[in-house]
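Working notes, structure below.
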Amino acid sequence: TEDCVDKALEYLKRSQAADGKWTGNNGAYPVAMTALAGMAMLMEGSNLKEGKYSEQIAKAVEWFLTKSQQPNGLLGFNQGSDFGSYMHGHGFATMFLACAYGEAEDKEQQQKLEKAVKKAVEFTGKAQINRKHSAGGKTIDIGGWGYTSAQENGGGDEGSITVTQLQALRAARNSGIAVSKEVMDKAMAFLEVCTT
């Protein structure tokens, strides 16, 4: 297993673009691919300062900070390479940056990451779909996420994207970034409603 993981990480190292990103086939999903590759390298034990893949992690972080974050906090592109389906990538990227932030030691880099993660968390909260659910004579507020923000998709939410956002929010909270309890509670309620 360790040999397999080592080979996979070396493949990721070789396949990183010069600007720090990774992409799927034909340049697809650069945000999600970069975040997932970066997470794999963090999981190996490397971080921004040291480790076998610290250079690759630093390049990926720099790509996110300079190329992918939109003014509204979205980590991604609502057109083009994310094909109008950016919330998965946003969640993975928020998780990656929150984890990198938690390991950062350089003060300037910490400040940049903190700002980016805070903006991403804020976007996640605003992108949540809010609705009422009635069962057993009781009405509760629930809120999941869809392929795009609530403002764009008109209310469609689904499980895998909701879980991705929850993982990202948990990573942000673990690294010391404030996360709305209301957002978390509505998301957990949404997942409970989805179960049978």
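A count restricted to the stretch 1-57 and to residues that are assigned to a helix (DSSP H, G or I), open to solvent by less than 20 Å² (accessible area, probe 1.4 Å) and closer than 22 Å to SER68 by Cα stands at 10. Every listed requirement among (1) assigned to a helix (DSSP H, G or I); (2) within 21 Å of GLN109 (Cβ to Cβ); (3) of a type outside the set (S, T, N, Q) is met by GLY73 save one, (1).
Checked against (1) free of Cβ contacts under 8 Å to residues at least 24 places away in the same chain; (2) in contact with a helix residue (DSSP H, G or I) (Cβ under 7 Å, 6 or more places away or on another chain); (3) over 16 Å from PHE77 (Cβ atoms), LEU42 meets all criteria but (1). Restricted to the stretch 103-130, and to residues that are open to solvent by less than 20 Å² (accessible area, probe 1.4 Å) and part of a helix (DSSP H, G or I), which residue is farthest from ALA178 (Cα to Cα)? Looking at the filtered set, the residue picked out is ALA127.
A quick yes/no check of all residues on (1) at pLDDT below 95; (2) over 19 Å from the mean Cα position of the chain (by Cα); (3) closer than 17 Å to ALA172 by Cα; (4) not charged (D, E, K, R):
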{"position": "LEU9", "(1), (2), (3), (4)": "no, yes, no, yes"}
{"position": "ALA37", "(1), (2), (3), (4)": "no, no, no, yes"}
{"position": "SER81", "(1), (2), (3), (4)": "yes, no, no, yes"}
{"position": "HIS90", "(1), (2), (3), (4)": "no, no, yes, yes"}
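Open to solvent by less than 80 Å² (accessible area, probe 1.4 Å) and charged (D, E, K, R), is that true of LYS138? No; evaluated as a whole, the condition is false for this residue. Just so you know, in the stretch 58-72 the residues that are at pLDDT below 95 and surrounded by 21 or more Cβ atoms within 10 Å (Cβ to Cβ) include one that is farthest from THR23 (Cα to Cα), and it is GLN69.
Between THR148, THR196, THR162, which is part of a loop (DSSP other than H, G, I, E, B), of a type in the set (S, T, N, Q) and free of Cβ contacts under 8 Å to residues at least 60 places away in the same chain? Only one candidate passes the filter, namely THR196. Taken as a whole, the structure places GLU182 among residues that are open to solvent by 30 Å² or more (accessible area, probe 1.4 Å) and within 25 Å of ALA116 (Cα to Cα). Listed by first and then second residue, the pairs linking a residue in the stretch 47-64 that is more than 15 Å from LEU97 (Cβ to Cβ) and free of Cβ contacts under 8 Å to residues at least 12 places away in the same chain to a residue that is open to solvent by 20 Å² or more (accessible area, probe 1.4 Å) and in a loop (DSSP other than H, G, I, E, B), with Cβ atoms under 7 Å apart and 6 or more places separating them unless they lie on different chains, are GLY51/GLY45; SER54/LEU48. Among all residues of the stretch 131-143, there is none that is under 18 Å from the mean Cα position of the chain (by Cα), closer than 18 Å to HIS88 by Cβ and not in a loop (DSSP other than H, G, I, E, B). Kindly indicate whether any position in the stretch 70-93 is of a type in the set (S, T, N, Q) and in contact with a Ser or Thr (Cβ under 6 Å, 6 or more places away or on another chain). No, the stretch 70-93 contains no residue that is of a type in the set (S, T, N, Q) and in contact with a Ser or Thr (Cβ under 6 Å, 6 or more places away or on another chain).
Take the conditions (1) modelled with pLDDT of 95 or more; (2) small (Gly, Ala, Ser); (3) over 15 Å from the mean Cα position of the chain (by Cα); (4) open to solvent by less than 50 Å² (accessible area, probe 1.4 Å); GLY155 misses just one of them, which is (1).
The values are calculated or read from the model by the stated rules, or taken from the named source; none is laboratory data. Remember, predicted model here, so these are calculated numbers, not experimental data. All Cβ positions, glycine included, derive from the backbone under ideal geometry; neighbour counts span all protein chains shown. Areas reflect the complete protein model, heavy atoms only, side chains present, ligands, DNA and RNA absent. Shrake-Rupley method; radii C 1.70, N 1.55, O 1.52, S 1.80 Å.
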